[in-house]
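Novice: Structure provided below as structure tokens; questions to follow.
Every number in this text was worked out from the coordinates using simple rules, so none of it is lab data. A quick note: this is a predicted structure, and the numbers were derived from the prediction, not measured. Cβ placement follows ideal geometry from the backbone for every residue including glycine, while neighbour counts extend to all protein chains displayed.
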Amino acid sequence: MFNDIGPLELVTLVVLAVLIFGPDKLPKMIQDVTRTIRKIREFSESAKQDIRQELGPEFKDFEFEDLNPKTFIRKQLDNDDLGLKEIRNGFDLKKEMAEVTDAVHGREAESSASSSSSGSSGGSVDMTKKPETARDSRPPFDADAT
């Protein structure tokens, strides 16, 4: 619940609580706060149980944490029914980036060089720069078109 509070912040909160409520009333305030938190948790758990009972037996394994979109998506992606783990494991980003870099610089990739022994490009895309045409060759200006 308070995972982002550091030790210095916690000490500051304790000092502020002692200054505001005083050392006499502070233990009573802590008891009241813990009692309130306990009641809220009990109310929350009973509400969850009521909802589960109303949904019926087909939703007995329903978890309220699944209503969080981030948790739901993570749980669905971890499910191996789609075969995403095989795709994720079969994709090598460094190899793909090296092949793109080689293609941009006009070098033949190592894997395509070993697979194509005939010396042809083997259907690979030529990504080298095309020679630029003369920059002064503009299309004719048509005054009536504008």
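Novice: Using label points projected 7 Å from each Cα along Cα→Cβ, tell me how many nm separate GLU58 and ILE5, to one decimal.
Specialist: 4.4
Novice: Here's something else I'd like to know. What full-extension length gain, to one decimal in nm, is calculated for LEU77 and ARG107 as 0.36 nm per residue of separation minus the Cα-Cα distance? Each step should come with its number before you reach the end.
Specialist: Working: separation 30, 0.36 × 30 = 10.80 nm, distance 3.75 nm.
Between LEU77 and ARG107, full extension yields 7.0 nm more.
Novice: Provide the net charge surrounding GLN31, with neighbours chosen by a C-beta distance below 12 Å and charges set as Lys +1, Arg +1, Asp -1, Glu -1. Kindly include the intermediate steps, with their values, before the conclusion.
Specialist: Details: positive: LYS25, LYS28, ARG35, ARG38; negative: ASP32.
Once all neighbours under 12 Å are counted, the net charge is +3.
Novice: Sum up the charges of everything whose Cβ sits under 11 Å from the Cβ of ASN68, counting Lys and Arg as +1 and Asp and Glu as -1, but leave ASN68 out. Could the numbers behind the result be given before it?
Specialist: Values: positive: LYS70, ARG74, LYS75; negative: GLU63, GLU65, ASP66.
With Lys, Arg at +1 and Asp, Glu at -1, the neighbours total 0.
Novice: Let me make sure I get this right: for the stretch 3-72, a, b and c are the square roots of the gyration tensor eigenvalues over alpha carbons, sorted descending. Under 1.5 in a/c it's rounded, otherwise prolate if a/b > b/c, else oblate. Which is it? Could you put the intermediate results ahead of the total?
Specialist: Working: a/c = 6.66, a/b = 2.09, b/c = 3.18.
Oblate shape, in that a/c is at least 1.5 and b/c is the bigger or equal ratio.
Novice: Taking the Cα-to-Cβ direction at LEU93 and at GLU65 and moving 7 Å from each Cα, how far apart do the two end points lie in nm?
Specialist: 2.7
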